[in-house]
Each structure stands twice: as structure tokens, then as C-alpha cells.
Amino acid sequence: VLKLLQKSYHRKVKMIYIDPPYNTGRELIYPDKFQDNLDTYLRYTGQIDDDGFRISVNAEASGRFHTNWLNMMYPRLKLARNLLRNDGAIFISIDDGEQANLRAVCDEVFGEDNFVNTISVNMKNIAGASGGGEDKRLKKNIEYLHVYARDYTALTPFENVHEFIPIAELVEQYRQDGKSWKYTSVLVHPGDKEYLGSTVDGDGDEIKLYARKNAEIKSVKQLMDQENLSEEDVYAEYADRIFQTAMPQSSIRPRVMEKANELGSLEDLHSIEYVPRSGKNKGILYEQFYKGESFRLFAWLRDVSKTIDGVLCKTEMQGTLWDFASETKNLTKEGDMPFQNGKKPVAMLRRLLEMEQEQDCLILDFFAGSASTAHAVMEHNVSDGGQRRYIMVQLPEECDPKSDVFKDGFLTVAEVGKERIRRASAKLAADSSLYASDLGFRVFRLDGSSIQPWDANFDTVEETLLDSIDNIKHERSESDVLYELLLKYGLDLAEPIDEREIAGSTVYSVGAGALIVCLAKSIDLDVVEGIVALKEELKPEIMRVVFRDSGFKDDVVKANAVQILKQAGLADEQIRSL
């Protein structure tokens, strides 16, 4: 499948996420063939004796234990790199068994300079982690995400990753831990603004200084008592005016203090206006407040908080240590599909999507499993109105006959993934009346070409001559041939396809006339003239036309059809027959 996607999606994928099968030493469901005789290899590496008996039964002692898995991964990563945009990135989930080897392979495929991060992800609480006990190893609760860019210099900077903790919970936790919660002051009224004068920053740009007369500052506790509000209500109502004061190491603050003293200002509250040359407010007019003789800077709660579903939350910036243990408690049933095989939480996948700033892009997962990535893309689109699309690829791996999904009638993992997308999209569409975009998807099954070459079997040459008249396989539908043509011509599989009836024959217009396909078994010149009229109607920049070769009555009709299309402006390479 990755090979077939190369032409249509070359350098078009913004983000790839994969969760490949971890190397457990069991037989891979992605087998690879080797040129060397395995018995010879095992004997050469000392794993079997001269009588053919295996010296070690430990799979990890096998010289091919890592090789088998890496041979499976390497070509897929090479093909995947071709699909990534220059500013794209790939995220790969892995455990500690192969993370070092995978890093080495990725260094080779993507280049060491394009390594971005390795993220450690807590996926299990210690009580539910594997390993440990009487074993010498510690409990396993961490997995990893290797992140590589296709081109680090072109990579779009990732958005910062945050955890969101409800303020009410956080304040209570601080109390229980005996810690001091600093955001307890409220600027109820900023006072009357009076211009005092100006100073300059280190680059010589103006900083305007103001006195704030009659300003009103109260504590959260005072507002609770005076307005009969709960602590949570005060934080919700005054979220954009709650602050703490700090003494930052800043080149601006001493200049402002010096100017205020020079002007003899005695106000307790001052503010400045300037245009920062760096930081998140770079290039925009920004206002800062200072309190007291020592000019303590206001640090606003609004700068480190966000309202999520009506709840004010503190944003805690995350680095390369993520915690999704809580999201794994009911993970097997996430997406309304009780699938056991190593699901990743939608919350984690959405975090990856949040790191990407683009809302209209293509996401690929070629170890799709139960299609958690598709679920995350749709859910994220609903949350921010995005138009992200996805390509999921999954082998028809058989489900465990003892599993719930098998008992429910889903025989393969691919069937599980398709049903999950259906259920998730239906729920999202029902729950979000504001979201009107398409949540549908197309399903394709890998197979051989619909175009059959003539097999010149000399024993049956006379009987098979007639088979060469129509080289489209009899069991294939027009739809099968049409989508194969999309791949051959490098068109997106989601291009809109308009079906027209012209002179009694079905004609398909793909991508507003970029490709015109007529697979009718009886093609006359009226059909060709109709296609010319269609070209005038749609006015595509480039039109390519494909006919069913056996559909022409004879060579004269075919030759005339070519001449008519040439007169309409098509070149020889734009006219093809199957």
C-alpha cells in the first residue's frame, strides 16, 4: 500500500503516527523473506549443534531476534519518508526492547540532523505494569515516542504541550501539601491612567510610563466574603484579572523604576506600554503593571490558564515526559470497540495533532490497528473546526477467536478499525451540531491490477487470443478501474468524482475535469463530442482522457476520436486507452 501511495501522495503528508508491533520475539505478522538458508545461518552463529539441535530456546538469543523486526521496519520507513512533506514529522511509538535500534534505523533513514525528540510516556500505573515480581527487571510503565522531521530546517515549530489542571483542584492540592498558592490578588479596577513620561529599552525603542490612580486591588478571600461567592466562582468570574507579583530579572524594570523616581511619582501602581522584540508578545503593543516602591511585576493567571469546557484550568507546560496512565484505565473500550491489542489513547494522539499548527493537512498511520488515529483526527476537527484528513492502513490480521470483537462478528483487525470509525463519526456528528463537515471515509482493499496483460501460453495460444481483446479483468467493476487510474495518474483518492451520462454512456469526471474516464463497452463519436463539451464547461487547467480500448467500434472510430480531442486542445500524452 505504501508503494501504491507514492505517486498520489508524494510529499503531501504533514504528520505520520505509527504504533508498530513491538518485538516480543513471537512470529511477526509482517514476515520478510531472507536469501540465506536459516539452518546454515543458525549453525554458523552457534545456535544449533552439528546434530541440528537448538542450543538455546531463548528467542532473544537468536541472531535474528532484532534483525527480523528491523527488516520489517526499514523498508516501510523508507517509503514513509517519501510521503512526508518537507515540513512534516513522523512520531513512532515503541517500547524499551527496540527503542535504541529503532533510533539507529531512523538516524539512517531520516538523518541524525532530523531527530527532534524522544518522548517518554507513562502508559501504566505501577500496580498494573508488567515485569517485576521475581524477575530482575523493574516494572515497565514507560513507552517512548521517537520524533523525526523530514527536514529539520523546514519543520514548522511545534506548539507547546500542556497539561490542564482545574484551578479548584490545584488550589486544594496546594493546601493539602502545605504549599503557598500565589495567585490570590485581583485587580478589581485598574485605576485612572495618567501618562508620566517615556524611557527606552535596550534597543532604543520607546517605553511609555503611566501612573494608575485610584486603582482597586482585593484578595480572592475578600471577594468571597463581600460577594458571597465560592472560591471556585471567584476564580471563574475574575480569571482575567487575578495575578501574583514577582521580581523578574529584566532589563526593562530598572529603567522603568529609574524613570518613575526621576519624575517623582508616588503612586503605588504603575503600568507601561511597549512593543516587545521577543517572546510570545513579540511585535505587538503590550501593557505591563508594576506594584509598590520595588516595582514588583504583575504575573497574570490568564497567561498560564485556559477555560476547558467551562472550567478554568492551570496550564502546566510539559516537556518530554508525558503521563497518560489515567487515560488507559478504560482504553480497551474507547471508541465503543472493546479491542485489546495495544490501543493508544485518543487523548495522546490528539496531543500530537495539537502540536501541529496546521488545521488542513493529511495524517497517515500505516499500522492503524483499531483506527485510534482516525478517531483522534475526527475528534480534533470537531473541537477546532479543522479540515484534517487521514489515511489508515491495516493488514487483515485475524482477531483472537476468544476476543469480544471476534464474538461480535469482527473477524479481522481491519474490520474493527472500519467499524470504530463509523461509530466514532456518528457520535461526533450527533454531539456537535455546529460541525457540518464530512465525517465519511472511503475503504480500499489491496489487490492486483484490474488491467490484465495477455499471458502468451503457447499451448493455448488460439483459445487465449480473444482474451487480449479486452484487457480489463472481467470480475472488476468500473469503480475498481477508476480508482486504479487515480493512483496511476497521481491523483488523490478522495478527489470528487462526478458521474455523467453522455450519449448513453457513463463518463466519469475526476477532480473537476482533471481526469475524464469512459469505460463503456460501446463508444461512438457522440460520446467524444460530449467530452469536448464537458471540457468547455469545466475548463480544467489540464485534462487527461482515458477510454476503454475495446469500447471503440473499430480503429476508424478510435482514430477519429483522437483527432477530435486533439482539435479540442489535448496532446497525444493526454489521451489514453486501456
D_trans [Stokes-Einstein, Kirkwood Rh over alpha-carbon pairs] for the stretch 335-416, 37 °C, 0.692 mPa s, µm² s⁻¹: 244 µm²/s
Difference of contour (0.36 nm per residue) and Cα-Cα distance, ARG423 to GLU354: 22.5 nm
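On the protein heavy atoms, probe 1.4 angstrom, tell me the percent of accessible surface of the chain carried by carbon and sulfur. Don't skip to the end; give the middle numbers.
Numbers: 15170 of 31910 Å².
Its accessible area is 48 percent carbon and sulfur atoms.
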In Å², nearest 10: area of ASP524 left accessible to a 1.4 Å probe: 70 Å²
Spacing of the two label points (7 Å from each Cα toward its C-beta) at GLU529 and TYR174, in nm: 8.2 nm
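Sorted by packing (mean other beta-carbon atoms within 10 Å per residue), highest first, where do 369-382, 246-259 land? Display every interim value, and only then the final one.
On the way: 369-382: 25.2, 246-259: 13.4.
Put in order of decreasing packing, that is 369-382, 246-259.
Which peptide among 276-287, 201-212, 566-577 comes first, and what is the full order, when sorted by highest mean count of other Cβ atoms within 10 Å? Spell out each step's value before the answer.
Working: 276-287: 11.1, 201-212: 14.8, 566-577: 13.2.
So the order, starting with the most tightly packed, is 201-212, 566-577, 276-287.
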ASN117 paired with LYS521, simple spin-label distance in nm, labels 7 Å along Cα-to-beta-carbon: 6.0 nm
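For the chain, what is the relative contact order in percent, using Cα pairs closer than 8 Å and at least 6 residues apart in sequence? If you can, show how the numbers build up before the last one.
Working: 915 pairs, mean separation 64.1, N = 578.
It rounds to 11 percent for the chain.
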Estimated inter-spin distance, GLN567 and ARG277, nm [label 7 Å along Cα→Cβ]: 7.0 nm
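For the chain, what is the calculated [θ] at 222 nm in deg cm²/dmol (nearest 500), taking -39500 (n - 2.57) for each run of four or more DSSP H residues and dividing by its residue count? Numbers along the way, then the final one.
Values: 15 runs with 165 residues, N = 578.
Rounded to the nearest 500, it is -8500 deg cm²/dmol.
So between ASP447 and ASP492, what do we pick up on full extension, going 0.36 nm a residue minus the alpha carbon distance?
Gain on extension, ASP447 to ASP492, equals 14.4 nm.
Once the other residues with Cβ under 14 Å from the Cβ of VAL161 are scored (Lys, Arg +1; Asp, Glu -1), what is the net sum?
Once positives and negatives cancel, what remains is -3.
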Förster radius 25 Å - calculated FRET efficiency between ALA347 and ALA100, Cβ distance, rounded to 0.05: 0.35
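For LYS402 and THR24, what does the FRET efficiency come to when R0 = 25 Å and r is the distance between their Cβ atoms, rounded to the nearest 0.05?
Working: r = 18 Å, r/R0 = 0.73.
E(calc), rounded to 0.05, equals 0.85.
Which whole-number value in Å² is the accessible area per residue of the chain, probe 1.4 Å?
Per residue, the chain has 55 Å² of solvent-accessible surface.
Assigning unit charges at the beta carbon (Lys, Arg +1; Asp, Glu -1) and nothing else, what dipole magnitude in debye, to the nearest 20, does the chain show about its Cα centre?
Values: 72 positive and 97 negative charges, 223 e Å.
About 1080 debye.
Expected output is a single nm value to one decimal: the length gained when fully extending between GLU327 and LEU4, i.e. 0.36 nm times separation in residues minus the C-alpha distance. What is it?
Numbers: separation 323, 0.36 × 323 = 116.28 nm, distance 3.55 nm.
Roughly 112.7 nm would be gained on extension.
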Distance from the stretch 183-223 to the stretch 498-558 (C-alpha centre basis), Å: 72 Å
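For the chain, give the share of DSSP beta bridges that are antiparallel, in percent and rounded to the nearest 5; count only bridges with both residues there. Present the calculation step by step, with values, prior to reporting the outcome.
Numbers: 66 of 88 bridges.
Once the DSSP bridges in the chain are tallied, antiparallel ones form about 75 percent.
Please state the charge dipole magnitude for the stretch 130-234, taken about the Cα centre, from unit charges on C-beta atoms (+1 on K and R, -1 on D and E), reported in debye and rounded to the nearest 20.
On the way: 14 positive and 21 negative charges, 81 e Å.
For the stretch 130-234, the charge dipole is close to 380 debye.
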Of PHE339, SER93, ALA260, farthest towards positive along the dipole that unit charges on Lys, Arg, Asp, Glu beta carbons give the chain: ALA260
Farthest toward positive dipole pole in the chain [+1 Lys/Arg, -1 Asp/Glu at C-beta], among ALA424, THR315, GLY504: THR315
Accessible-area order (highest first, 1.4 angstrom probe) of the listed residues THR315, THR153: THR153, THR315
Förster radius 45 Å - calculated FRET efficiency between SER383 and SER251, Cβ distance, rounded to 0.05: 0.70
Between the stretch 6-23 and the stretch 357-402, the Cα center-to-center distance that results, in Å: 11 Å
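The values are calculated or read from the model by the stated rules, or taken from the named source; none is laboratory data. Given the structure is predicted, the values throughout are model-derived calculations rather than measurements. So basically every Cβ, Gly included, is an ideal-geometry build from the backbone, and we count neighbours across all protein chains shown. Note: areas computed on protein heavy atoms with side chains; ligands, DNA, RNA excluded. Shrake-Rupley method; radii C 1.70, N 1.55, O 1.52, S 1.80 Å.
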